[in-house]
1. Of all residues in the range 65-76, how many are touching a helix residue (DSSP H, G or I) at 6+ places or on another chain (Cβ under 8 Å) and either part of a loop (DSSP other than H, G, I, E, B) or not aliphatic (A, V, I, L, M) (or both)?
2. Out of ARG67, ARG42, I need the residue that is at pLDDT below 95 and basic (Lys, Arg). Which one?
3. Please enumerate the residues belonging to the range 45-64 that are among the hydrophobic types (A, V, I, L, M, F, W, C), over 10 Å from the mean Cα position of the chain (by Cα), outside any helix (DSSP H, G or I) and modelled with pLDDT of 90 or more.
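The values are calculated or read from the model by the stated rules, or taken from the named source; none is laboratory data. Here the structure is a predicted model, which means the values were calculated and not measured. Counting neighbours? That spans all protein chains shown, and the Cβs are built from the backbone with ideal geometry, glycine included.
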Amino acid sequence: MSTDAIAIERAALLQERLAALEPSNLQVIDESHMHAGHAGARDGASHFRVIISSPQFAGLNPLARHRLVYDRVHDLIPHPIHALAIETGKP
């Protein structure tokens with residue numbers, strides 16, 4: 001499987017997992033190319049940035065919002081996803 005196909009598959013997996021948060025905005029950005037040579041990248045793991053807004057974030061501080069995101073994807077870290085940058089917002 002090509003590197004691009006793997007990245008697309010992993011991004012789709014993140015989108016699928018985060019759909020449970022009923023996001024009003026969800027962007028999954030592959031940033032693996034910015035981490036070439038990094039330990040996780042050498043092992044074939046990916047680096048992603050997630051930008052997400054959800055009604056479920058209402059009344060939550062940023063740490064609590066990040067925890068909701070991590071709860072959905074924790075089993076994907078450290079492999080196949082080595083790093084996940086999260087930007088959360090309210091709808």
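1. Just the residues of the range 65-76 that are touching a helix residue (DSSP H, G or I) at 6+ places or on another chain (Cβ under 8 Å), to begin with: 65, 68-69, 72-73, 76.
From what is left, the residues that are either part of a loop (DSSP other than H, G, I, E, B) or not aliphatic (A, V, I, L, M) (or both) are 65, 72.
Count: 2.
2. Numbers: ARG67 fails: at pLDDT below 95.
Every option except ARG42 fails the conditions.
3. Filtering the range 45-64 down to residues among the hydrophobic types (A, V, I, L, M, F, W, C) leaves 45, 48, 50-52, 57-58, 60, 63-64.
Those left that are additionally over 10 Å from the mean Cα position of the chain (by Cα): 45, 57-58, 60, 63-64.
Narrowing further to those that are outside any helix (DSSP H, G or I): 45, 58, 60.
Within the range 45-64, ALA58, LEU60 meet the criteria.
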